[in-house]
Amino acid sequence: MTQLDFGRRVVRLGGAERPLALLDVRSIVICTGLWIATVLLAMYGTFSGSVGISVGEALQALLGQGDEYTSMIVLEWRAPRVVMAVLLGVCLALSGAIFQNLTGNPLGSPDVIGFQTGSFTGALVVMLIIGGGSVATMAGALAGGIATAFLVFFLSIKRGAMRGVRLIIVGIGVSAMLASVNVWLLLTATVENAIMASLWGAGNLSGASWSTATVVIIGSVVFIGGALALARPMRLLQIGAPFATALGQNVRALQIAAIVIGVGLTALATATAGPISFIALAAPQIARRLVRSDGLALGPTAAVGAVLLLLADIVSQRIHPETPLPVGIVTVSIGGLYFLWLLLREGKKR
């Protein structure tokens with residue numbers, strides 16, 4: 001339980017008192033290390049690959065001095081994919097942190113609540129029934145995710161209030177129903193369309209371009225800025241709604257704003273790369289463990305999300321270069337290992 005003492009500038013986390021200044025230093029150090037790791041991974045992802053390009057040639061291409069072939073591979077193929085992996089990792093991680101904070105439950109992430117499943121449903125309707133292109137698919141995924149979010153929140157409200165546990169249970173139920181709809185849509189489609197839709201549904205960063213990356217950059221700047229603006233009010237809300245109200249916060253407006261930002265972050269990532277599981281669920285938990293905090297920890301969470309998705313994308317490309325895997329398969333595998341370790345760790349404690 002979190003306990004704040006503003007007079008002594010002390011916070012109680014996990015049964016131990018720690019000065020706030022020390023917590024800030026630890027957070028800064030960890031964030032710096034994670035972003036250095038992200039930069040190194042980004043350089044590796046840009047310079048290495050199945051095509052033999054030396055580091056010097058890649059640097060020349062980045063500086064605009066490379067030949068046409070090298071510039072195409074480095075600047076048009078690899079660089080936008082790296083940028084999208086970093087930004088989408090940040091978006092998914094922040095979205096997970098927001099919803100886990102709102103629900104007061106570590107399982108309250110978009111992929112558990114069902115927003116990503118709804119986005120997949122919207123994309124399948126466009127791809128398999130309407131027959132739209134990539135832009136229409138992105139719009140369908142966006143509409144499906146937002147519609148699912150409104151449905152889940154509407155069904156979760158009881159007596160004018162939204163309960164975290166009820167939200168998670170309703171989200172799991174809606175996600176299960178939408179998953180069956182998705183399976184039915186795939187079974188009734190042609191083999192070629194079903195394969196293409198399944199690849200999109202696995203979460204894929206292949207085919208990333210600067211046009212798509214530009215959309216991601218603009219959208220992420222808007223929604224990440226909104227998440228940062230909500231950071232302090234949401235920390236007050238975590239202590240308790242009466243406490244936040246006493247300090248002048250409009251709790252209902254804050255919750256609505258947080259929901260809009262969280263759904264926007266998830267919808268942006270899902271619409272551009274498909275449903276990528278695990279990042280939104282585990283990145284906030286890993287970040288809180290690293291900084292030893294049970295708070296929101298948006299900075300470390302964003303850094304962890306960037307590292308995880310970029311690392312997963314590099315692994316998905318390098319593990320079998322002839323037939324690269326969708327990044328969503330790798331994130332699910334990493335997530336399974338993480339939660340297996342977590343289960344074993346908690347079992348030893350008991």
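Counting only protein heavy atoms and using a 1.4 Å probe, the accessible area of L40 comes to about 110 Å². Counted over all Cα-Cα pairs of the range 171-278, pairs farther apart than 17 Å make up 67 percent.
Largest first, the residues K348, K158 sort by 1.4 Å accessible area into K348, K158. Which one of H320, G336, S206 is farthest out on the positive end of the charge dipole of the chain, using unit charges on Cβ (Lys, Arg +1; Asp, Glu -1) and the Cα centre as origin? After comparing all options, I get G336.
Considering the values (i) 19.8; (ii) 24.6; (iii) 16.4, which represents mean projected area of the Cα convex hull in nm² as calculated for the structure under consideration? So the structure-derived entry is (i). Sorted from greatest to least, the principal axis extents spanned by the alpha carbons of the range 92-184 come out as 40, 25, 22 Å. Computed about the Cα centre, the dipole magnitude for the chain is approximately 1820 debye when only Lys and Arg (+1) and Asp and Glu (-1) carry charge, each at its Cβ.
Across the protein chains, with a 1.4 Å probe defining accessible surface, the residues F278, F339 rank F339, F278 from largest area downward. In the range 248-330, taking the dipole from charged Cβ atoms about the Cα centre, the farthest positive-side position among L268, L309, I256 is held by I256. Solvent exposure of the chain, expressed per residue, is 49 Å² of accessible area, with all protein chains present and a 1.4 angstrom probe.
The values are calculated or read from the model by the stated rules, or taken from the named source; none is laboratory data. None of these values were measured; they are calculated from a predicted model. Virtual Cβ from ideal backbone geometry, glycine too; neighbours counted across all protein chains shown. All accessible areas refer to the heavy atoms of the entire protein, side chains included, with ligands and DNA or RNA removed. Shrake-Rupley method; radii C 1.70, N 1.55, O 1.52, S 1.80 Å.
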